[in-house]
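What follows is one structure encoded as structure tokens, with my remarks underneath.
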């Protein structure tokens, strides 16, 4: 039986973890790199021509995290 979290911080901790794996910090790093790539394209930095892939990467990782939460 699931109980309500005692504090607001408990609910944040519970939703930021993958079921059975704990927090996967490398996924946070990949999402950050994806955001930086998109910002680099919009800022016009040279060498960032493939920054649009950051959008795809961000959505794939976010979809994985959301799906794993829904499955659990």
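Listing for the model above:
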item	result
Paired Rg and Dmax values of segment 23-71, which use every Cα atom, in angstrom	12.2, 41
Approximate spin-label separation residue 67-residue 53, in nm, with each point projected 7 Å along Cα-to-Cβ	2.1 nm
Protection proxy ranking, peptides 57-69, 29-41, average beta carbon neighbours within 10 Å, highest first	29-41, 57-69
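Rule-based calculations on the coordinates, nothing more; no lab input. The structure presented is a predicted model; accordingly, all values stated were derived computationally and were not measured. Quick reminder, even Gly has a Cβ in these numbers, built from the backbone with ideal geometry, and neighbours come from all protein chains shown.
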